[in-house]
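Novice: One structure follows; several queries about it will come next.
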Amino acid sequence: MSTGALALIALIMLLGVWRSGQQFWLDLQALWRPTETAPQVDVRSVALRQIQGVSELSTTVFAMEAIVPTHQNRELAGFVVGTTKLLYIAYGEVRAGVDLGQLQPQDVVINGDIIQIRLPPPRILDAKIDVTRSQVYDYDRGLLGLGPDVAPNLQTLAEQQALKKIVATACQEGVLQKASDRAQQVVSQLLRTTGYSQVVITTQPPLPAACAAT
């Protein structure tokens, strides 16, 4: 009985091949052909990479001049025999903003055509003395020139003190808050051009050590 049944099945298959010809084999191959699903795009990751690509977003520049006096004594047997004084006028700039490279996936929330971004805390991106716009206003080695000839050392010291003063003044003037507010506007405008109907940008307060001179 089993042999006859197998023979009957084989006959039916041969008849099917004879009737349908090539189509039969195509249908048979289709049963075993793997199917591919439509590619999926992680929209949040795309948006995150776009924003991170901007890297450091400098939004505020604070500039000022600082007048810094410095001096150094020359001593002999414990007595001051001469004093060198240097008066330096320094021009410095403080650049503040946010580092968009610090954005994390949890800082980006997308719901349909609504995107929410939480920006990193603002920080000082750069602080420097522009030596081309700074100058030694006065250099005096005292009576008979007995003060030490240390102009380069005093100038370096003056630049360091001037930089600290300029950074401290910039922080007192609210440079970090201004940078955060401006970054919020810039990123919002950037994302509105990508097709989102609603863009929500939130900011974070600066870190306690954000005003350290760099």
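Novice: Hey, Ile110 hits all of (1) open to solvent by 40 Å² or more (accessible area, probe 1.4 Å); (2) at pLDDT 90 or above; (3) closer than 30 Å to Ser188 by Cα but one; which does it fall short on?
Specialist: (2)
Novice: Which residue pairs have Cβ atoms closer than 8 Å, lie 6 or more positions apart in sequence or on different chains, and pair a first residue in the range 146-173 that is open to solvent by 50 Å² or more (accessible area, probe 1.4 Å) with a second residue that is among the basic types (Lys, Arg) and in a loop (DSSP other than H, G, I, E, B)?
Specialist: Asp149/Arg141
Novice: Tell me, please, whether a residue that is closer than 19 Å to Ala127 by Cα, open to solvent by 20 Å² or more (accessible area, probe 1.4 Å), part of a loop (DSSP other than H, G, I, E, B) and at pLDDT 85 or above can be found in the range 194-207. Talk me through it step by step, then tell me what you get.
Specialist: To start, the set of residues in the range 194-207 that are closer than 19 Å to Ala127 by Cα comprises 206-207.
From what is left, the residues that are open to solvent by 20 Å² or more (accessible area, probe 1.4 Å) are 206-207.
When the remaining residues are screened for being part of a loop (DSSP other than H, G, I, E, B), the result is 206-207.
Subsequent filtering for residues that are at pLDDT 85 or above retains 206-207.
Yes, the range 194-207 contains at least one residue that is closer than 19 Å to Ala127 by Cα, open to solvent by 20 Å² or more (accessible area, probe 1.4 Å), part of a loop (DSSP other than H, G, I, E, B) and at pLDDT 85 or above.
Novice: Right, another one. Cβ-Cβ distance below 6 Å, separation of 6 or more or different chains: which pairs start in the range 94-112 with a residue that is without any contact (Cβ under 8 Å) to a residue 60 or more places away in the chain and end on one that is in a helix (DSSP H, G or I) and surrounded by fewer than 18 Cβ atoms within 10 Å (Cβ to Cβ)?
Specialist: Gly101/Gln52; Leu103/Gln52
Quick grid of which residues meet (1) modelled with pLDDT of 55 or more; (2) out of contact with any strand residue (DSSP E or B) (no Cβ under 7 Å at 6 or more places or on another chain):
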{"position": "Pro39", "(1), (2)": "no, yes"}
{"position": "Ala66", "(1), (2)": "yes, no"}
{"position": "Val80", "(1), (2)": "yes, no"}
{"position": "Thr83", "(1), (2)": "yes, no"}
{"position": "Val98", "(1), (2)": "yes, no"}
{"position": "Gln102", "(1), (2)": "yes, yes"}
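Novice: Residue check, Thr132 against (1) closer than 22 Å to Val167 by Cβ; (2) open to solvent by less than 90 Å² (accessible area, probe 1.4 Å); (3) outside any strand (DSSP E or B), all met but one. Which one?
Specialist: Thr132 satisfies all of (1) closer than 22 Å to Val167 by Cβ; (2) open to solvent by less than 90 Å² (accessible area, probe 1.4 Å); (3) outside any strand (DSSP E or B) except (2).
Novice: Out of Arg133, Arg123, which single residue is in contact with a Pro (Cβ under 9 Å, 6 or more places away or on another chain) and farther than 20 Å from Val200 by Cα? Don't jump to the end; show me each part of the working.
Specialist: Working: Arg133 fails: in contact with a Pro (Cβ under 9 Å, 6 or more places away or on another chain).
None of the other options fit; the residue is Arg123.
The values are calculated or read from the model by the stated rules, or taken from the named source; none is laboratory data. These figures come from a predicted structure and were not determined experimentally. With ideal geometry, Cβ positions are generated from the backbone for all residues, glycine too; neighbour counts draw on all protein chains shown. With ligands, DNA and RNA removed, areas are computed over all heavy atoms of the protein, side chains included. Shrake-Rupley method; radii C 1.70, N 1.55, O 1.52, S 1.80 Å.
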